[in-house]
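One structure is given below, encoded as structure tokens.
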Amino acid sequence: HQCPECVAEGNRTVRQARTVLGGRVSASTTPVVTYTLIGLCALVYLAEIASERVVVEFMMLGMSAFPGVGVAEGEWYRLLTSMFLHQVPRGGSFGITHILFNMWALWVLGPQLEQVLGRARFLALYLLSGLGGSVLIYLIEPTQATVGASGAIFGLFAAFFVIGRKLGSPVGPIVFLLGLNLVITFAVPSISWEGHIGGLVTGGLLGTTTSTATSTTWSTTR
């Protein structure tokens, strides 16, 4: 038998279980963050279909001819909210493919990255990659109105490649998908290459930083 105080003191000295990349291990293996992000994008998409104002108010727009509209006018939230918006099927366009591909990619890549990074680091990777895409759009084409989670998805592609190489996992399929999407990015005029490249670079840097920091810690403590 042990007194409650002794048990509590002992628990404080027990090291928190970590993933191979240093993320905190959750009690459940369910990719909660991945499913939540997919659910949020789906709900926002329904809101877009119901009202065009959702896109107008929350899309990425650096500068506008209208006073008070755009990131430069203080609407900084557009840098983040735009990654939850997608093209809707209006005016004869088959815009649903936009959200379907992004959510499919998130469904495939998300659970694996969330498992090795931990929930908090995976969420940070996703949001910062999307933010990186929005920032590059703002710097290069501030008057360009854009929507989509593609910047965040490209960040996941890059991080998956970097981490996969570090862990010795096969990365051929990711290289193929990434190459194919880069071709589409620059071949289709209506696609914002700035958002894709901004997310790609950000995700790659975050993946490299995470892998390097984990390797250094492991080498120091083993």
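With the simple spin-label model, which puts each label point 7 Å out from Cα in the Cβ direction, the Met63 to Ala47 separation comes to 2.9 nm.
Consider all pairwise Cα distances in segment 74-206 and report the whole-number % of them above 23 Å.
Details: 2530 of 8778 pairs.
Tail of P(r) above 23 Å: 29 percent of Cα pairs.
Give the Debye-formula value of log10 I(q)/I(0) at each listed q (0.14 Å⁻¹), with one equal scatterer per alpha carbon of segment 67-139, two decimals each. Values returned for q = 0.14 Å⁻¹ are -0.60.
Surface calculation, 1.4 Å probe, protein heavy atoms: Cys3 sits at approximately 50 Å² accessible.
Extending 7 Å from Cα along the Cβ direction at Leu127 and again at Ala72 yields two label points whose distance is 2.7 nm. In the context of the full protein assembly, Glu75 retains an accessible surface of approximately 30 Å², using a probe radius of 1.4 Å and ignoring ligands and nucleic acids. In plain terms, the chain from Val188 to Tyr35 could stretch by 52.1 nm, reckoned as 0.36 nm per residue minus the Cα-Cα distance. Name the residue farthest towards the positive end of the dipole of segment 65-169 from the options Gln144, Val88, Gly132, assuming +1 on Cβ of Lys and Arg, -1 on Cβ of Asp and Glu, about the Cα centre. Final value for the positive-end residue is Gly132.
The values are calculated or read from the model by the stated rules, or taken from the named source; none is laboratory data. These figures come from a predicted structure and were not determined experimentally. In this analysis, Cβ positions are derived from the backbone assuming ideal geometry, glycine residues included, and neighbour counts consider all displayed protein chains. Calculation scope for accessible area: heavy atoms of the full protein, side chains included, ligands and nucleic acids excluded. Shrake-Rupley method; radii C 1.70, N 1.55, O 1.52, S 1.80 Å.
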